[in-house]
Amino acid sequence: MILKSVNLRSLGKKYAGKVRDCYTLEDKRILIATDRISAFDRILDFIPYKGQVLTLLSKFWFEKTADIVPNQMISVPHANVMVAHNAQPIPLEIVVRGYISGVTNTSIWGAYEKGERVIYGIKFPDGLRKNQKLLVPVITPTTKAAKGHDEKVTREEILKRKIMTPKKYAELEQIALELFKRGTEICAKAGIILVDTKYEFGLYKNKLILIDEIHTPDSSRFWIQETYRERFKTGKEPENFDKEFMRIWFKKRNYTGDGKPPKMPKAFITKISKRYIAIYEKITGEKFVPDKRKITKELIISNK
């Protein structure tokens, strides 16, 4: 079962992001998570049940972190659909990293491997290895690009561009670190390492709230705790339950976002789907049950 797109003209004007189809309804935003999968800021294919995992896992995390910061969630009438507060997005992705890893242009390992030691305005020591744990988590923000690639940005640049006031940005950093700490603790109980993640925020009725998604395989890297240390010692990539292994698959085929991407085999797509479902079940402790109901305006309206 694959959800490529949803067209509900009666709900109003549609905005299609990389993964979600969005509608604005009065003071609410209807977020429909499709099965589109993106990497390197490009839509690459469709993964069965991926959208449902994103929505249900975000629901789980929004409930687990509501005491740290208010969030967008109002209701989840369908496993692909979240009814949310219509917040004004802050044009930043607040990325928190507990390890030095990654293969994208905005990853700290990509810059470190090239010889850079001051990355995102943060000084890193010599001698670090890929996938090594950092002494403390670091915040590496990026601009939220409407088109093209997101770009690295430092705290100083954010304040210079007046994207946020110093007080509000300091609040954002503190909240992000608290969210990462909570996520790390809950994942650890499930035998999972929360490697890094990104948070997005918005303003709703002049108050800061958490929006988009939280601690999903799309927004985070997850490693298996039990085998991490041995694999790190031997230079092997950690066992993971996110889409990083998909990024690595593309990079091995010399694709990092430019030109036509190689086609993923069906067996590989199935493997990705199983990983998304597995991380949902590991973190929540619940069995994933597909929601096979049709997404309709009536279903959404009756639960908004």
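Listing for the model above:
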item	result
Failed item in (1) of a type outside the set (S, T, Y); (2) surrounded by 19 or more Cβ atoms within 10 Å (Cβ to Cβ); (3) in contact with a strand residue (DSSP E or B) (Cβ under 9 Å, 6 or more places away or on another chain), with I277 passing the rest	(3)
Enumeration of residues in the range 40-56 that are farther than 19 Å from I283 by Cα, surrounded by fewer than 24 Cβ atoms within 10 Å (Cβ to Cβ) and of a type outside the set (F, W, Y)	D41, R42, I43, L44, D45, P48
Pairs where the first residue, in the range 120-133, is touching a residue at least 24 places away in the same chain (Cβ under 8 Å) and outside the structural domain of T227 (by TED's automatic domain parsing) and the second is of a type in the set (S, T, N, Q) and surrounded by 11 or more Cβ atoms within 10 Å (Cβ to Cβ), C-beta under 9 Å, 6+ apart	none
Residue among I192, I224 that is surrounded by fewer than 18 Cβ atoms within 10 Å (Cβ to Cβ) and under 19 Å from the mean Cα position of the chain (by Cα)	I224
Every residue from the range 1-25 that is more than 14 Å from the chain's Cα centre (by Cα) and free of Cβ contacts under 8 Å to residues at least 40 places away in the same chain	S5, N7, R9, G12, K13, K14, Y15, A16, D21, C22, Y23
Every residue from the range 228-251 that is part of a loop (DSSP other than H, G, I, E, B) and crowded, with 19+ Cβ neighbours inside 10 Å	P238, F241, D242, K243
Members of the range 32-60 that are under 30 Å from E171 (Cβ atoms) and either touching a Lys or Arg at 6+ places or on another chain (Cβ under 9 Å) or among the β-branched types (V, I, T) (or both)	A33, S38, D41, L54, T55
Residue check for T104: part of a loop (DSSP other than H, G, I, E, B), touching a residue at least 60 places away in the same chain (Cβ under 8 Å) and surrounded by fewer than 23 Cβ atoms within 10 Å (Cβ to Cβ)	yes
Options E185, E281, E286; residue that is among the charged types (D, E, K, R) and part of a loop (DSSP other than H, G, I, E, B)	E286
Selection status of I74, assigned by TED's automatic domain parsing to the domain that holds K282, assigned to a strand (DSSP E or B) and touching a residue at least 60 places away in the same chain (Cβ under 8 Å)	yes
Test: residue in the range 30-51 that is assigned to a strand (DSSP E or B), out of contact with any strand residue (DSSP E or B) (no Cβ under 7 Å at 6 or more places or on another chain) and modelled with pLDDT of 95 or more	no
Residue in the range 245-255 that is hydroxyl-bearing (S, T, Y) and either in the same structural domain as T184 (by TED's automatic domain parsing) or in contact with a Pro (Cβ under 9 Å, 6 or more places away or on another chain) (or both) present	yes
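For (1) without any contact (Cβ under 8 Å) to a residue 60 or more places away in the chain; (2) within 30 Å of T154 (Cβ to Cβ); (3) more than 14 Å from the chain's Cα centre (by Cα), each residue gets a yes or a no:
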| site | (1), (2), (3) |
| --- | --- |
| I30 | no, no, yes |
| K59 | yes, no, no |
| V81 | no, no, yes |
| P89 | no, yes, yes |
| W109 | yes, yes, yes |
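The values are calculated or read from the model by the stated rules, or taken from the named source; none is laboratory data. Note that the coordinates shown come from a computational prediction; the quantities given were computed from them, not determined experimentally. Ideal geometry is used to build each Cβ from the backbone, glycine not excepted, and the neighbour counts take in all protein chains shown.
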